[in-house]
Every structure is written in C-alpha cells, then in structure tokens.
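Inspection log for the structure reproduced underneath, given as structure tokens.
The values are calculated or read from the model by the stated rules, or taken from the named source; none is laboratory data. Please read these numbers as outputs of a predicted model, since none were measured by experiment. With ideal geometry, Cβ positions are generated from the backbone for all residues, glycine too; neighbour counts draw on all protein chains shown. Side chains are part of the model used for accessible areas, which takes the heavy atoms of the whole protein and leaves out ligands, DNA and RNA. Shrake-Rupley method; radii C 1.70, N 1.55, O 1.52, S 1.80 Å.
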Amino acid sequence: VQLQASGGGLVQAGDSLSLSCAASGRTFSSLYMGWFRQAPGKEREFVAVIRWSGTYYANSVKGRFTISRDNASYRVYLQMNSLKPEDTAVYYCVADSSGRNAYYTRPRTYEYWGQGTQVTVSS
C-alpha cells in the first residue's frame with residue numbers, strides 16, 4: 001500500500017485546513033485508515049481513525065477534527081477546524097490491513113505510513 005498525503009500548510013490560529021491522503025496498491029475498502037502527527041521533539045501521537053465501528057479521535061482534537069473516507073476514490077480526509085498552535089506537527093496518513101485494528105492509538109498497529117505533510121499554526 002502506498003500512501004500520499006497532501007494539504008498541509010501555514011495557517012493562523014482559529015483557521016481551518018483539510019488534509020487528503022491517496023492510497024494505492026490494495027483494495028482500499030479493506031483497510032483501516034487513520035492519521036497520526038509528530039511535533040518537533042515529541043513522539044508520534046494518534047489523531048484519528050475510521051473503523052468499521054465508527055470514527056475515533058484523540059481527546060485533544062475531538063470536536064474540532066473530522067476524519068472521513070471515500071472508498072470509490074481511495075482517499076481519506078482529515079478536516080481540521082479551530083486550529084491551535086499546539087496542532088503544529090507533521091501529519092501522517094496511516095493504514096492497517098490486519099483486519100483487527102485492536103490497538104488503534106498505537107503507531108505499531110499501522111504497517112503503512114505516508115510521507116507526512118507539515119501543518120503549522122501560528123498564534
């Protein structure tokens with residue numbers, strides 16, 4: 001599975017930004033898809049995942065971010081509203097083909113990672 005994320009950029013606090021991730025190489029509908037982020041000097045952290053049972057979010061983004069997918073176009077999206085400076089990070093699109101996704105907040109659960117896209121939120 002190849003993942004290509006796009007849509008990052010520099011915005012001001014309170015602005016919105018939409019990330020997109022294009023997948024290829026495997027039947028997209030069978031994949032659990034999610035987003036992680038990594039800020040300078042910090043570990044990668046879970047942001048959101050879309051599973052068969054629904055969507056799940058980190059507490060820090062709940063109510064502000066929305067994950068969605070379009071199986072027909074092999075894409076997953078992350079709509080980010082009310083952005084804060086602490087949202088500044090490299091955002092990674094991830095995929096899990098195991099069919100279980102039991103520990104969806106753990107980076108090791110996802111065997112496929114995109115190259116990352118930088119999101120910078122100025123105060």
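Some observations on this one:
- For region 98-113, the count of residues that are in a strand (DSSP E or B) and closer than 18 Å to residue 9 by Cα is zero.
- One residue stands out among those in region 48-69 that are in a strand (DSSP E or B) and free of Cβ contacts under 8 Å to residues at least 12 places away in the same chain: the one that is nearest to the chain's Cα centre (by Cα), which is 57.
- Restricting attention to region 57-69, the residues that are open to solvent by 60 Å² or more (accessible area, probe 1.4 Å) and under 22 Å from residue 22 (Cβ atoms) total 1.
- Within region 18-29, residues that are within 18 Å of residue 6 (Cα to Cα) and part of a strand (DSSP E or B) sit with their Cβ atoms under 9 Å from residues that are open to solvent by less than 10 Å² (accessible area, probe 1.4 Å) and of a type in the set (Phe, Trp, Tyr), at 6+ positions apart or across chains, in these pairs: 19/35; 19/91; 21/35.
- Region 73-123 - residue that is closer than 11 Å to residue 35 by Cα and hydrophobic (A, V, I, L, M, F, W, C) and, of those, most open to solvent (accessible area, probe 1.4 Å): 113
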